[in-house]
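Following: one structure in structure tokens, then a few remarks.
Please treat every number below as a calculation from the coordinates, not as lab data. Just so we're clear, the structure is a prediction, and the values are computed from it rather than from any experiment. Cβ atoms come from the backbone with ideal geometry, glycine included; neighbour counts cover every protein chain shown.
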Amino acid sequence: MFPLRINNVSKIFKNSKGQEFKAVDGISLNIEPGKIYGLLGPNGAGKSTLINMISGLLLPNQGGIELFGLDVVKDSNKTKQLIGVVPQEIVVEMAFTVEEVLYYFSGMYGVPRHERKARIKAVLEDLDLADKMHERARNLSGGMKRRLMVAKAILHRPKLLILDEPTAGVDVSLRQRIWALIRRLNAEGTTILFTTHYLEEAEQLCEYIALVDHGHLIKSGKLKDIQQEFSKNSIHFELFDRTAAPLTGVSEVGVEYEYPITSDLATDMAKLTSHYNHNLKSIRSEAASLEHIFLKLTNSGLSS
Ligand SMILES: Nc1ncnc2c1ncn2[C@@H]1O[C@H](COP(=O)(O)OP(=O)(O)O)[C@@H](O)[C@H]1O
Ligand SMILES: [Mg+2]
């Protein structure tokens, strides 16, 4: 059973002039159990809108969403307990202590009463917040508030954890901690879906990606397969002796040379090595970066 099935979902908003526009436009996507998925796209692409429909905060105008076979609108009480969601905006119950907040949420998500204290302690230790247990949420730093939100989302050990821009605006050490937590929860069997507009981050974390732009799903699948499909199709190399007779097809790119792959990587590598032999100083062939793939698909960059 798929942890998540998104079937032709659209969401229409009105803009400031009162005109309707589709923030999410006919997106379909299935998420397989036990994987890490990155939902990627520039700011405004529709990622949070989609996440908010999955978590039941927004109703789709069209299409349906199932979590573990249950409809998020019709069975919202049940589906909410099956997932953990860390929203993009920081929302914490400022007047309560960390422990009170977590006790309340563990009750709401059906953690048995006798397990709650131990579970809270374990999660707080995990997130390095144990010494803040009796601190009021309002007195936490931004990074600690974000960790508290993560704690709220994982207390009930959801089988699917959704994180919306978990690393936007966080410092390097917190980002590393969040990555490590994502990897560990995934290794323990939790399916992960997270959004980010940092493509390099996705390259390091995800096995599967879904690229969205202007409300459309423009590409989805295994990261490795997509990288292969868009591979740069050339070999880069350096020479010791730059006066050597060039192989046909080779062009100079700065200090490097570039050789387009015409048949396949192994054959063309062999051609190069037999032509240049010991004159080869270095040789490399790179997988296409997600930035490059996104550019090809949309004719626009992400980090601009
Ligand atoms: N409640 C809302 N009302 C009107 N427009 C909205 C609302 N929420 C989001 N939008 C618009 O929908 C588009 C997608 O936003 P969002 O899903 O937040 O994008 P992302 O998370 O990918 O950055 C944006 O143009 C945004 O301004
Ligand atoms: Mg967003």
Straight-line reach check, Lys281, cutoff 17 Å on alpha carbons, 8 or more apart in-chain or any other chain, hits among lysines -> Lys271
Where does each of 251-259, 79-87, 159-167 land if you order them by average Cβ count within 10 Å, highest first?
159-167, 79-87, 251-259
Added length on full extension, which subtracts the Cα-Cα distance from 0.36 nm per residue, Trp179 to Lys159:
5.4 nm
Space enclosed by the convex hull of the alpha-carbon atoms of region 233-285, per residue, Å³
70
Any aspartates and glutamates with Cα under 17 Å of the Lys117 Cα? List them, leaving off those in the same chain fewer than 8 positions away.
Glu99, Glu100, Glu125, Asp126, Asp128, Asp131, Glu135
Got a sec to turn the phi values of region 220-231 into Karplus ³J(HN,Hα) couplings, 6.51 cos²θ - 1.76 cosθ + 1.60 with θ = phi - 60°, whole Hz, x for Gly and Pro?
8, x, 6, 3, 4, 5, 5, 4, 5, 4, 9, 4
If you take the charge dipole of the chain about its Cα centre, with +1 on Lys and Arg Cβ and -1 on Asp and Glu Cβ, which of Gln62, Ile218, Gly44 is farthest toward its positive end?
Gln62
Using the alpha-carbon atoms, what tilt in degrees (0 to 90, nearest 10) does helix 142-154 show relative to the longest principal axis of the chain?
80
So, by mean Cβ neighbours within 10 angstrom, what's the order for 184-193, 107-116, 132-141 with the highest one leading?
184-193, 132-141, 107-116
Could you tell me the calculated FRET efficiency between Glu252 and Glu207, based on Cβ-Cβ distance and R0 = 35 angstrom, to the nearest 0.05?
0.40
Mind checking Rg over Rh on region 77-228, alpha carbons, Kirkwood formula for Rh?
0.99
Extent along principal axes [Cα atoms of region 104-143; Å; largest to smallest]:
30, 18, 15
Extending each Cα 7 Å along its Cβ direction at Ala287 and Gln228, get the distance between those two points in nm, one decimal.
1.1
Of Lys17/Lys80; Lys17/Lys145; Lys17/Lys159; Lys80/Lys121; Lys11/Lys78; Lys47/Lys132, those spanning more than 30 Å from alpha-carbon to alpha-carbon
Lys17/Lys80; Lys17/Lys145; Lys17/Lys159; Lys47/Lys132
Tilt, helix 265-276 to longest principal axis of the chain (alpha-carbon atoms), in degrees rounded to tens, equals 40
List, largest first, the extents of the alpha carbons of the chain along their principal axes, each in whole Å.
77, 47, 40
Evaluate the charge dipole of the chain about its Cα centre and quote only its size in Debye, nearest 20, assuming +1 on the Cβ of each Lys and Arg and -1 on the Cβ of each Asp and Glu.
1180
Count neighbours as other Cβ atoms within 10 Å of each site's Cβ, and list the trypsin sites (Lys or Arg not before Pro) in region 203-304 that are DSSP loop with at most 13 such neighbours.
Arg242
Counting DSSP beta bridges with both ends in the chain, the antiparallel % (nearest 5)
65
